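Notes to accompany the following structure.
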Amino acid sequence: MTGQETLKKILEKNPGEPEFHQAVTEVYESLQPVFDKHPEYAEAKIFERIAEPERVIMFRVPWVNDKGEIQINRGFRVQFNSALGPYKGGIRFHKSVNLSTLKFLGFEQIFKNSLTGLMMGGGKGGSDFDPHGKTDMEVMRFCQSFMNELYRHVGPDTDVPAGDIGVGAREVGYLFGQYKKLTNSFTGVLTGKGLGWGGSLARKEATGFGLLYFVEEMLKTRNDSMKDKIVVSSGSGNVSIYASEKCVQLGAKVVAMNDSAGYVYDKDGVDLKAVRQIKEVERGRIKEYLKDHPKAEYHEGSAGIWNVKCDIALPNATQNEIDGKSAQTLVDNGVVAVGEGANMPSTPDAVKVFLENNILFGPAKAANAGGVATSGLEMSQNSQRLSWSFYEVDSKLKQIMQNIHKSALDASEKYSTKGNLVDGANIAGFLKVAGAMMEQGLV
Ligand code: NDP
Ligand code: 2IT
């Protein structure tokens with residue numbers, strides 16, 4: 001079978017899953033030079049095997065809201081690949097969640113986790129539950145019901161979920177509490193736990209900090225740095241907030257952030273303390289930033305953020321948030337580097353625009369791997385029953401991000417075009433998984 005036929009067959013086998021198609025197609029295209037050099041992978045049907053999740057669990061999540069009304073959501077866990085370790089990946093609660101979204105995320109997670117160099121397989125889970133506007137008690141009842149099914153499929157050596165969109169410390173706490181009750185065991189079954197009961201210092205900051213460590217590595221290849229750079233960081237959740245914090249630490253200025261309703265532009269630099277108060281404490285809308293910052297601007301519509309002139313663009317909200325047109329606007333406005341904190345935030349057209357214009361482009365699998373890498377460090381600490389200092393975890397995170405950049409850069413040089421980190425990350429991530437699968441036999 002030719003390469004194109006193989007891909008076509010995989011896509012046809014998974015109809016109605018556009019996000020999954022997008023993720024699979026990108027990786028498959030990057031891997032052509034690898035397949036040319038390693039015919040044994042084609043013979044062993046490694047790619048076809050990787051594209052098929054080892055297991056998909058889909059379940060009913062019934063719960064009762066504060067008015068006493070019965071609610072039914074759908075829960076999922078996609079256990080994609082365990083060649084390198086227990087399934088590992090976040091849980092997303094967002095109204096848009098469906099099998100296609102979670103399969104794209106789980107598929108990408110395989111390669112991302114491989115790049116970290118830690119022993120973690122790939123998985124992802126979630127629900128179409130929308131936490132916006134829900135009370136703490138409603139969120140708790142939902143999480144408990146979700147875990148009432150999930151607990152039989154996860155475990156510290158089987159599958160270790162964590163946070164993602166709509167799932168942070170609060171949700172991880174409720175999920176953990178219910179797992180502990182159902183199994184009568186206190187184990188590291190989830191990461192992103194509270195600091196007083198097994199969580200790791202620096203996990204909260206890790207995705208955002210790691211993203212900047214990666215962007216710094218890209219900039220170094222052109223003798224540049226973050227100092228005095230103007231940054232746009234989309235989203236205003238976990239990733240965006242701590243990416244922005246690290247930007248400021250490195251001497252840059254973040255001038256715009258958004259949520260799904262619109263974006264804030266503050267030419268003096270966004271006041272991150274205020275964003276944290278609005279988003280982390282009050283669970284409010286970014287629009288509220290204007291109350292105490294009357295000189296800032298608020299614009300309806302989240303995508304408008306990409307019209308803001310910047311040197312560094314950090315898409316830190318969600319998939320496909322930058323299309324070809326927005327990418328072209330960023331390029332026309334002189335963007336130097338793009339670091340994907342979110343998963344698959346650039347459409348294929350956007351990626352093409354960035355690569356064709358020789359923009360430093362850090363693809364999600366590599367650039368946002370710091371979150372899951374630090375989850376891996378949380379698992380190590382749990383196994384040792386020890387807690388490392390913030391400095392220790394952060395130093396390891398930085399080292400891991402530098403290693404990922406190097407692996408992706410080296411793989412791009414060996415197999416593709418030096419500096420094409422999309423190909424480099426896909427190839428470096430794939431090679432390790434493929435090697436393990438070859439050695440473990442047809443399972
Ligand atoms: P949060 O839930 O903390 O924040 C998400 C932010 O993105 C919010 O500001 C939210 O706005 C915005 N957003 C979500 N969906 C949309 C949408 N459809 N359109 C526009 N804006 C949207 O999530 P995280 O910060 O944890 O995750 C952000 C991204 O980073 C995701 O792609 C996630 O997969 C990825 N990621 C997260 C990691 C982690 O450790 N948390 C690790 C690696 C990647 P609103 O409140 O209006 O919905
Ligand atoms: O997309 C991701 O890498 C995450 N949401 C983090 C997963 C994890 O297990 O920490």
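Per residue and in cubic angstrom, what volume does the convex hull of the Cα atoms of region 1-127 have?
Working: hull volume 14.5 nm³, N = 127.
Hull volume over Cα atoms, normalised by residue count, gives 114 Å³.
Peptides 125-131, 312-318 ranked from most to least packed give 312-318, 125-131, packing being the mean of other C-beta atoms within 10 angstrom over each peptide's residues.
In Å³ and rounded to a whole number, note down the convex hull volume per residue for the Cα atoms of region 335-375. Show your work: numbers first, answer last.
Details: hull volume 2.5 nm³, N = 41.
It is 60 Å³ per residue.
Taken about its Cα centre, region 285-416 carries a charge dipole of about 260 debye when Lys and Arg each add +1 at the Cβ and Asp and Glu each add -1 at the Cβ.
Principal axis analysis of the Cα atoms in region 265-402 yields extents of 49, 41, 23 Å, listed in decreasing size. Can you tell me how region 388-443 classifies by the Cα gyration tensor, rounded, prolate or oblate, using a/c under 1.5 as the rounded cut? Cα axes put region 388-443 in the oblate bin.
Over all orientations, the chain has a Cα convex hull whose mean projected area works out to 20.4 square nanometres. For region 262-314, the relative contact order is 49 percent, taking Cα pairs closer than 8 Å that sit 6 or more residues apart in sequence and dividing their mean separation by the residue count. Remark: the chain carries a charge dipole of roughly 900 debye about the Cα centre, counting +1 on each Lys and Arg Cβ and -1 on each Asp and Glu Cβ. If you take all C-alpha pairs in region 137-182, what percent of them are over 18 Å apart? The share of Cα pairs beyond 18 Å in region 137-182 comes to 20 percent. Cβ-Cβ distance of Thr183 and Gln22, R₀ of 30 Å, FRET efficiency by 1/(1 + (r/R0)^6): the value works out to about 0.25. Within the set of other residues whose C-beta is less than 11 Å from the C-beta of Gly199, count the net charge using Lys and Arg as +1 and Asp and Glu as -1. Counting the neighbours of Gly199, the net charge comes to +2. Compute the separation of the alpha-carbon centres of region 106-166 and region 309-329 and state it in Å as a whole number. Answer, in whole Å: 27. The alpha-carbon atoms of region 216-330, seen along their principal axes, cover 40, 31, 24 angstrom, with the largest extent given first.
For the cross-link pairs Lys45/Lys432; Lys134/Lys204; Lys352/Lys398; Lys112/Lys229, which exceed 25 Å when the distance is taken from alpha carbon to alpha carbon?
Values: Lys45/Lys432 15 Å; Lys134/Lys204 22 Å; Lys352/Lys398 28 Å; Lys112/Lys229 27 Å.
Going by Cα-Cα distance, Lys352/Lys398; Lys112/Lys229 fall outside the 25 Å limit.
Say R0 is 22 Å: what FRET efficiency, to the nearest 0.05, do Glu297 and Lys273 get from their beta-carbon distance? The computed FRET efficiency comes out at 0.70. Extension gain, Asn333-Lys414: 0.36 nm per intervening residue step, less the Cα-Cα distance, totals 25.9 nm.
Kirkwood hydrodynamic radius of region 85-137, from the reciprocal of the average inverse Cα-Cα distance over all distinct pairs: 11.9 Å.
Taking every pair of Cα atoms in region 188-229, average 1/r, invert it to obtain the Kirkwood radius, and report Rg/Rh to two decimals. Don't skip to the answer; put the middle values down first.
Numbers: Rg = 14.9 Å, Rh = 12.2 Å.
Dividing the radius of gyration by the Kirkwood radius yields 1.22.
The trypsin sites (Lys or Arg not before Pro) of region 374-443 that DSSP puts in a loop, and whose beta carbon has at most 15 other beta carbons within 10 Å, are Arg385, Lys418.
Computed from the coordinates by the stated procedures, all read-outs in this text should not be read as laboratory data. In this text, all values refer to a predicted model and were calculated from it rather than measured experimentally. FYI the Cβ positions are ideal-geometry reconstructions off the backbone, even for glycines, and counts take in every protein chain you see.
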